[in-house]
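Chemist: Once you've had a glance at the structure underneath, I'll fire off some questions.
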Amino acid sequence: MANADFEGRVYPADAPYSVGREKIREFAVAVGATHPAHHDLVAARGLGYPDLVAPPTFAVVVAQRTEAQYVRDPEAAIDFSRVVHADERFTHHRPIVAGDELTTVLHVDRIVSRGAISMVTTRCEIYAMPQHVEVPSPEAETPGEHVATVTSTLAIRGEDA
Amino acid sequence: MTRPDLAALSVGDVIGQRTVTFDRAALVRYAGASGDLNPIHWNDRFAQEAGLPGVIAHGMLTMGTVVGLVTEWAGDPGAVVDYQTRFTKPVEVPNPGVATIDVTATIGAVDAEAGTARVDLAVTVDGAKVLGRAQAQVRL
């Protein structure tokens, strides 16, 4: 049973994730994304982007890294051998491109347990940090330009489910 | 690359159909590329202990793959401004062999004011739906 005390927790902006060209290409190959803007700089720039464009679900790489702060915390009581992914949503305020330095604020929005099943919804707010900044500033109102929101729900079965 | 004309779209238009296959190597490749190393996607013993018949594909692999139909149609991967789904049924991937996934993309809504079209993806394995309410909002 997921620990309901974690509902409402907010984890501050984490260490930046550097979006690399080869990572975009590698992820694009893994999901069979053949659009040239993922692979070819000239094609991406031809569409008006500064660099290679990440596929629409690439933000999951960034989000899952951030979510680990919560889901791997033993206190959260999330047994990964009993987890299935229930839903996922990406909202892009602008596409992620190679060269972005992304930092993410994690929200644990909802923890609901019914019977032996717990449903846990997290929300990652992903920001691109200004180019000259290397660590997120705790004082800044937001860590940078809002790039994407990733909402994810996990279903965790209890021991007797 | 030509972009679709929003004004020419009608709800119900089928914009594309395709069949994709996943073998075990595709799962390992996605695990490495995404960093999702959950053993239910590559270890049969672990998957069975978790109550599954065997290794299943990452839901995110299915979600990430089928949206290719939309980005190619849109002519610009950055045009997908919102994309969501529910994972309704695990996709079992045999060894040896492949899981075969059928995808049909249909216009679900057109919002001329916002300049967006909603593309609904029907994603099935052997006729059974594996993604529920798979919807992509595309800015055109």
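Each reported figure results from applying straightforward, stated rules to the coordinates on display, with no laboratory input. Here the structure is a predicted model, which means the values were calculated and not measured. With ideal geometry, Cβ positions are generated from the backbone for all residues, glycine too; neighbour counts draw on all protein chains shown.
Chemist: What's the number of the condition A:Ser113 fails, among (1) out of contact with any strand residue (DSSP E or B) (no Cβ under 7 Å at 6 or more places or on another chain); (2) more than 10 Å from every other protein chain (Cβ to nearest Cβ); (3) of a type in the set (S, T, N, Q); (4) surrounded by fewer than 15 Cβ atoms within 10 Å (Cβ to Cβ)?
Modeler: For A:Ser113, the failing item is (4).
Residues checked against (1) surrounded by fewer than 16 Cβ atoms within 10 Å (Cβ to Cβ); (2) farther than 21 Å from A:Ile24 by Cα; (3) acidic (Asp, Glu); (4) touching a His at 6+ places or on another chain (Cβ under 7 Å):
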{"site": "A:Pro55", "(1), (2), (3), (4)": "no, no, no, yes"}
{"site": "A:Val62", "(1), (2), (3), (4)": "no, no, no, no"}
{"site": "A:Arg65", "(1), (2), (3), (4)": "no, no, no, no"}
{"site": "A:Asp73", "(1), (2), (3), (4)": "yes, yes, yes, no"}
{"site": "A:Ala98", "(1), (2), (3), (4)": "no, no, no, no"}
{"site": "A:Thr104", "(1), (2), (3), (4)": "no, no, no, no"}
{"site": "A:Tyr127", "(1), (2), (3), (4)": "no, no, no, yes"}
{"site": "A:Gly158", "(1), (2), (3), (4)": "yes, yes, no, no"}
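Chemist: Same structure again: Which of the residues belonging to the range B:12-39 are without any contact (Cβ under 8 Å) to a residue 60 or more places away in the chain and either away from chain A (no Cβ under 12 Å) or of a type in the set (Ser, Thr, Tyr) (or both)?
Modeler: B:Tyr30, B:Ser34
Chemist: Condition first: aliphatic (A, V, I, L, M), more than 9 Å from chain A (Cβ to nearest Cβ) and over 16 Å from the mean Cα position of the chain (by Cα). Can you find one or more residues in the range B:40-51 that meet it?
Modeler: Yes, there is a match, as at least one residue in the range B:40-51 is aliphatic (A, V, I, L, M), more than 9 Å from chain A (Cβ to nearest Cβ) and over 16 Å from the mean Cα position of the chain (by Cα).
Chemist: Moving on. Being outside any loop (DSSP other than H, G, I, E, B) and either of a type in the set (D, E, K, R) or within 30 Å of A:Ser113 (Cα to Cα) (or both) is the filter here, so list the residues in the range A:2-55 that pass it.
Modeler: Matches in the range A:2-55: A:Ala4, A:Asp5, A:Phe6, A:Val10, A:Tyr11, A:Arg21, A:Glu22, A:Lys23, A:Arg25, A:Glu26, A:Arg45.
Chemist: Applying the selection to the range A:62-88, what residues are within 7 Å of chain B (Cβ to nearest Cβ), within 10 Å of the chain's Cα centre (by Cα) and touching a residue at least 40 places away in the same chain (Cβ under 8 Å)?
Modeler: A:Arg65 - this is the single residue of the range A:62-88 that is within 7 Å of chain B (Cβ to nearest Cβ), within 10 Å of the chain's Cα centre (by Cα) and touching a residue at least 40 places away in the same chain (Cβ under 8 Å).
Chemist: Can you tell me which residues in the range A:1-50 are without any contact (Cβ under 8 Å) to a residue 12 or more places away in the chain, in contact with a strand residue (DSSP E or B) (Cβ under 8 Å, 6 or more places away or on another chain) and loosely packed, with under 14 Cβ neighbours inside 10 Å?
Modeler: Correct list: empty.
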